[in-house]
Structure formats: C-alpha cells, structure tokens
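**Q** My structure is below; once you've seen it, I'll send some questions.
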Amino acid sequence: MLRLSSSCSHSFCSECITKHATTKIQDKNKSITCPGVNCKSTLDFNTLRQLIPKETLVKWDEFLCESMIPESHKLYCPFSKCSVLLVYNDTWNNITKVDCPVCRQTFCAACRVPWHSNLTCKEFGKREDDDVAVAFAKKKKWMRCPKCKFFVEKVDGCKRISCRCKCSFCYVCGVEWNHITHIGDICYWVKFMYS
C-alpha cells in the first residue's frame with residue numbers, strides 16, 4: 001500500500017493508483033487528486049512519476065504546458081498528420097498565410113484551414129457552405145467542430161470526437177455530444193432528423 005499525499009492519510013495499492021492516475025491524465029486533468037471519497041488532496045508528483053508509464057507522463061507534461069497558453073493564442077496546424085500547436089501572438093494580427101514549421105504545409109491562420117489560394121478569407125467564408133466546399137470536406141472526410149469550427153479528421157476509433165477546444169461531438173451528425181443527443185454509442189440526433 002502506498003501513501004500518496006502528505007495532506008491525507010489514504011493509501012492504495014500501486015495498481016489501483018496507477019489506473020486512477022492514468023485515467024485522470026487521459027481525461028486531461030491538470031492535477032490528480034486522491035481517489036479517496038471526497039478527498040481533495042493532490043497526489044505527490046514524485047510518487048506518481050515512479051508508477052505511471054513514461055509515455056503517459058510525457059503526454060501529461062505536454063498537456064500541462066499547452067494549458068498555460070491562453071486559448072486566444074493557440075493555433076493548430078489543420079493537417080491531421082501534424083496538428084502541431086503554434087503560439088499565435090499579437091504580432092500576427094495581419095498574417096493569414098502560414099507555413100507550418102513541422103509539416104511545411106501552408107494554411108490560413110484566420111480561417112484555420114488549408115490555404116485557400118485565389119480566395120480571400122471573406123470569399124472563402126462565403127463559399128464555405130456551397131457545394132464545392134462541402135464536396136471537398138466530404139472527400140477528405142473532415143468534420144467541423146460545432147464549437148470552434150476547426151476541421152477534424154477521424155482516423156480510427158468510435159464516432160465520439162474530442163476536439164482540442166475540449167468540445168466532444170459526434171463524427172456522424174456533427175452535433176455536440178450530450179446525454180440528450182447521444183446515449184452510449186447511439187446517435188439519437190440522426191434518428192430524430194431522418195425518421
């Protein structure tokens with residue numbers, strides 16, 4: 001049995017605390033609290049570091065670093081094989097065409113989509129709902145997050161998508177995931193719309 005915090009007396013076996021901490025990290029929690037009922041004590045990082053797999057700790061560290069950046073300064077590469085975070089700052093006010101330093105592909109920082117050559121952002125925004133834009137998104141199998149409007153591509157897994165803005169939505173119907181529109185893996189929104 002391990003005692004995990006200096007501020008509480010709870011102890012747990014290493015297997016249970018490893019599962020608890022790993023789940024909390026996967027759920028993108030900034031701190032990991034004691035699993036004791038109603039206990040708010042934060043678990044000791046050095047103890048956790050000895051229990052949790054290194055790759056999980058690296059992901060948590062990346063998440064913690066990313067969470068320090070204000071949402072208004074976050075800009076992600078829109079290409080699914082990259083999605084690197086770029087820090088958007090006030091000096092970028094008039095810059096729209098950006099070359100990703102990682103994948104080297106060009107995208108529009110204002111629209112947050114692959115570069116739309118021969119179209120201004122305003123023209124692209126107007127054409128967004130027309131047949132050409134819809135056909136392009138369908139061809140690429142992209143779905144837009146209903147909250148931040150970022151294009152997301154599902155590579156594998158279930159139809160519930162978690163966007164970087166923390167919005168969960170259905171990849172089938174595009175609606176934000178909640179207990180009314182979706183129960184388990186069933187999309188009631190699609191059933192309602194097409195019945």
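**Q** Six or more apart or on different chains, Cβ atoms under 9 Å: show the pairs whose first residue is in segment 80-104 and more than 21 Å from PHE63 (Cα to Cα) and whose second is part of a helix (DSSP H, G or I).
**A** The qualifying pairs are ASP90/HIS73; THR96/CYS121; VAL98/TRP92.
**Q** So, one more: Would a scan of segment 146-156 turn up a residue that is touching an Asp or Glu at 6+ places or on another chain (Cβ under 8 Å), surrounded by fewer than 17 Cβ atoms within 10 Å (Cβ to Cβ), modelled with pLDDT of 80 or more and within 23 Å of VAL98 (Cβ to Cβ)?
**A** yes
**Q** Looking only at segment 48-66, how many residues end up being surrounded by 11 or more Cβ atoms within 10 Å (Cβ to Cβ) and over 24 Å from GLU15 (Cβ atoms)?
**A** 3
**Q** Can you tell me which of (1) surrounded by fewer than 15 Cβ atoms within 10 Å (Cβ to Cβ); (2) out of contact with any His (no Cβ under 8 Å at 6 or more places or on another chain); (3) modelled with pLDDT of 85 or more is the one ALA21 doesn't meet?
**A** (1)
**Q** For segment 48-88, give me each residue that is aliphatic (A, V, I, L, M) and more than 18 Å from CYS163 (Cα to Cα). Walk me through how you get there before you give the answer.
**A** Within segment 48-88, the first condition is being aliphatic (A, V, I, L, M), and the residues that meet it are 48, 51-52, 57-58, 64, 68-69, 75, 84-87.
Result: LEU48, LEU51, ILE52, LEU57, VAL58.
**Q** Could you identify the single residue in CYS165, CYS111 that is touching a Gly at 6+ places or on another chain (Cβ under 9 Å), within 23 Å of SER67 (Cα to Cα) and modelled with pLDDT of 80 or more?
**A** Values: CYS165 fails: touching a Gly at 6+ places or on another chain (Cβ under 9 Å).
Sole residue among the options that is touching a Gly at 6+ places or on another chain (Cβ under 9 Å), within 23 Å of SER67 (Cα to Cα) and modelled with pLDDT of 80 or more: CYS111.
**Q** For segment 1-28, which positions are closer than 28 Å to CYS167 by Cα, in contact with a helix residue (DSSP H, G or I) (Cβ under 9 Å, 6 or more places away or on another chain) and part of a loop (DSSP other than H, G, I, E, B)?
**A** If the condition is that a residue be closer than 28 Å to CYS167 by Cα, in contact with a helix residue (DSSP H, G or I) (Cβ under 9 Å, 6 or more places away or on another chain) and part of a loop (DSSP other than H, G, I, E, B), then LYS28 is the only one that fits.
**Q** Condition first: β-branched (Val, Ile, Thr) and in contact (Cβ under 8 Å) with a residue 24 or more places away in the chain. Now tell me which residues in segment 20-60 satisfy that.
**A** Step one: of segment 20-60, the residues β-branched (Val, Ile, Thr) are 22-23, 25, 32-33, 37, 42, 47, 52, 56, 58.
Result: THR22, ILE25, THR42, THR47, ILE52, THR56.
**Q** If you take the residues of segment 139-191 that are in a strand (DSSP E or B) and basic (Lys, Arg), which of them is farthest from PHE107 (Cα to Cα)? Full working, then the answer.
**A** If we filter segment 139-191 for residues that are in a strand (DSSP E or B), which is where we start, we get 142-144, 151-153, 160-162, 168-170, 176, 182-183, 186-187.
This time we only want the ones that are basic (Lys, Arg), so: 144, 160.
Numbers: ARG144: 16, ARG160: 26 Å.
Once the filter is applied, the top-ranked residue is ARG160.
The values are calculated or read from the model by the stated rules, or taken from the named source; none is laboratory data. No experiment lies behind these values; they were computed from the predicted model shown. Please note: Cβ atoms are built from the backbone with ideal geometry, for glycine as well, and neighbour counts cover all protein chains shown.
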